[in-house]
Structure formats: C-alpha cells, structure tokens
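Everything on this sheet refers to the single structure shown next.
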Amino acid sequence: MSSDFDATEFIDGDFEARHSPSAGSAGPATRAPSREEVDAKVVEAHQKLSELKRAQEELERERAGLEETRRRQMEFQTGRQEMVQNLARGLGLLEEAEFGARRDAEQMGKALTDLRDALSKIEAIHEDTWTRDNFNVELTRALTTLENARMEWNAARLKFPVLSGQAQPSATPAPAQALPPASVFETHSFGEMCRLGFALTWPVALTLLGLGGLLLALFRR
C-alpha cells in the first residue's frame, strides 16, 4: 500500500475560486465604463458619423458630376453623328437642286430670248405699208412670222407649266423620286396633236404658197 499522500486531491478548485478574496473585486481591465467615458465615446461616434456623411455627400457630388459628364459626352457623340449625316445629305440634295435650277434657268433664259425675238418680229409687222403689188408676199411673210411665234410659244408652254397657269414646283425632286418624262401622246389629245402638226407644217405650206403666188404674179406680167 502506498504511503504517499497528495493534499491537492481533497481541494475543490471551483469552491476555492468562488471564496477567494480576489474574486469579488474587478480588475482594471473588467471595470465598468464611467459616465465621462461613455459621453466621450458618444461624441467620437458622432464625429465619425459626420465625417462619413461628409464623405458620402462628396462621393454623391462626384458621382453626379461624372454622370453629367458621361451624358454630355454621349450627347456630343450622338449629335455629331446626326449632324454629319444630315449635313452630308443636305449638301448632296442642295447641290443636285442647284444643278437642276441652273439648268432650268439656262433653258428659261433661252426661252425668254426666243419669245422676245418672236414678239419683236410680230411687232415689226406694219400692214399699213403693204401695197397691192406686195400684198401677197407680205401676207405670206406675216403668216410665217405668226406661225413661227406660235411654235415658240407652244414649245415654251411644254417646257414651263407656269405659262399654262399651272403652279411651278418649288424644288427639283430627287432622282430616285423623279417621274419619267411623259410621252407627248399621253399629255395631248388627238386634236391637239393635229393642231401641233399643222402648226409645224403650216409655215412650209405658206412659204410654198407664197412662192407660187409670186411666180404667178411674175408670169402675169
């Protein structure tokens, strides 16, 4: 039988810890905070919250500025692309319209010259100066002048609808929308075509008739 004796076998550690003199007094690390310490912590927390709020407001302003910059950049890119397309298309249309207007102006200028010339020839006819001897010749010349003027007038009416009382188009249509030129047979009736053909051949007939009358007058002499 062993004779060794261990005194710690009969000691209750938990009991000793509960009844130890140092167990009832709290150390510095576990001491409850004082009122001043709590107030200081509250003030520190408010300061940190204020700083965080200011930082958040600053970030919000920076985000709003970046979004505005991005919106303006997108507006610039979209507007530039739109205006490049519009200006290029507008230049093409205006150049084409200018060419058509210049061509029409040249044709109109030539028509004005021809109409003025026809008018001056008609106004130059003075039948009071005709005599019995030259009556037939002068009448033939006068009728020829009138028919030539009528031909100029009809040709101008076909080219320029404004001479027939129709509204002149304000702009030249684009080639893709331009209609093919109408046939003369579609725009004029059979009677008008007969009158037009008669107007074209009448000066020749009058000239032949005048020459025949002149030859007849010479043979009678």
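Length available on full extension from residue 110 to residue 31: 0.36 nm per residue minus the Cα-Cα distance, which gives 16.9 nm.
Site pair residue 64 and residue 50 shows an inter-label distance of 2.2 nm when each label is modelled 7 Å from Cα along Cα→Cβ. Peptide packing: for 41-48, 98-105, the average count of neighbouring Cβ atoms within 10 Å per residue gives the ranking 98-105, 41-48, highest mean first.
Binning all Cα-Cα separations of region 36-113 at 5 Å, short to long from zero, yields these whole-percent fractions: 3, 12, 7, 8, 6, 7, 6, 6, 6, 5, 5, 4, 4, 4, 3, 3, 2, 2, 2, 1, 1, 0, 0. For region 58-68, the Karplus equation 6.51 cos²θ - 1.76 cosθ + 1.60, evaluated at θ = phi - 60°, returns couplings of 5, 5, 5, 5, 5, 5, 4, x, 5, 5, 5 Hz by residue, with Gly and Pro reported as x.
Just so you know, all these numbers are worked out from the coordinates, no wet-lab data involved. Since we're looking at a predicted model, the values are computed, not measured. Note: ideal-geometry Cβ built from the backbone for every residue, glycine included; neighbour counts use all protein chains shown.
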